[in-house]
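The block underneath contains the structure these notes are about, expressed in structure tokens.
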Amino acid sequence: MRIIAGKYRGRKLLPPKDDAIRPTGDRVKETVFNVIQFRVGGSRVLDLFSGSGALGIEALSRGADEVVFVDNSLSAVNLIKRNLERVEGKHSVRHCDYKDALTAQSGKFDIIFIDPPYQSGLGERAVDLILANGLLSDGGVIVFEHSSDIAFAVDDE
């Protein structure tokens, strides 16, 4: 695991110690950031179900103004904090459930990463809460990583 581009390009991130945390692979991360590259600089980012913090740290490296990391696993929170030790920029790490984080948030986010445990249904519920609470800025984007076994679409009605 490494940072793909930006200020910290090439920096290695500490990996999780067990299979409880499933980090986004470098190829997937690179593809995601190729798609959203012009949205990252100056953005406010929420990294929900953060795991190792790789997506949010990549956003900081590429010029995001602020990243909020959220995970309910204490080992994940500790790993994120360790991976952030030499990373500059405005960031915070919250050890809480995604529902608590989404109902307590103020302000809007330009980019929201959602990478829940696969097949858990948590990502779909998180998207519903984000939209219901108006947490996505106008023109903002949600990047939802899920198993290829399921299809996901948002009803725009």
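Counting Lys +1, Arg +1, Asp -1, Glu -1, what net charge surrounds E30 among other residues with beta carbon under 11 Å of its beta carbon?
Details: positive: R2, R27, K29; negative: D26, E58.
Once all neighbours under 11 Å are counted, the net charge is +1.
Computed over the Cα atoms, what is the radius of gyration of the chain divided by 2.2 N^0.38 Å, N being its residue count?
Against the compact-globule rule of thumb, the ratio is 0.96.
The accessible surface of region 41-103, taken with every protein chain in place and a 1.4 Å probe, is 43 percent carbon and sulfur.
Say we join alpha carbon atoms closer than 10 Å with springs in a Gaussian network model of the chain; which of E30, E88, E145 then has the biggest fluctuation? The residue with the greatest mean-square fluctuation here is E88.
Between A64, A132, A76, the GNM of the chain built on Cα springs shorter than 10 angstrom shows A132 fluctuating the most.
How much length is gained if the chain between S137 and D26 is pulled fully straight, taking 0.36 nm per residue apart and subtracting their Cα-Cα distance, in nm to one decimal?
Working: separation 111, 0.36 × 111 = 39.96 nm, distance 2.71 nm.
The S137-D26 span can extend by a further 37.3 nm.
Taking F49, F69, F33 as the candidate residues, the one with maximal mean-square fluctuation in a Gaussian network model of the chain, Cα springs under 10 Å, is F33.
Would you mind working out the accessible area per residue for the chain, using a 1.4 Å probe, and quoting it in Å²?
Values: 8390 Å² over 157 residues.
With the other protein chains kept in place, the chain gives 53 Å² per residue.
Please report the net charge: other residues with Cβ closer than 10 Å to the Cβ of V93, K and R +1, D and E -1.
Working: positive: K81, R94; negative: D47, D71.
Once all neighbours under 10 Å are counted, the net charge is 0.
When the listed pairs K7/K29; K17/K99; K7/K108; K7/K81 are checked against a 21 Å cut-off, the alpha-carbon distance exceeds it for K17/K99; K7/K108.
The values are calculated or read from the model by the stated rules, or taken from the named source; none is laboratory data. Predicted model, so just to flag it, every value in this text is computed and none were measured. Backbone-built Cβ (ideal geometry, glycine too); neighbour counts: all protein chains shown. Quick note on the areas: whole protein, heavy atoms, side chains included, nothing else; ligands and nucleic acids left out. Shrake-Rupley method; radii C 1.70, N 1.55, O 1.52, S 1.80 Å.
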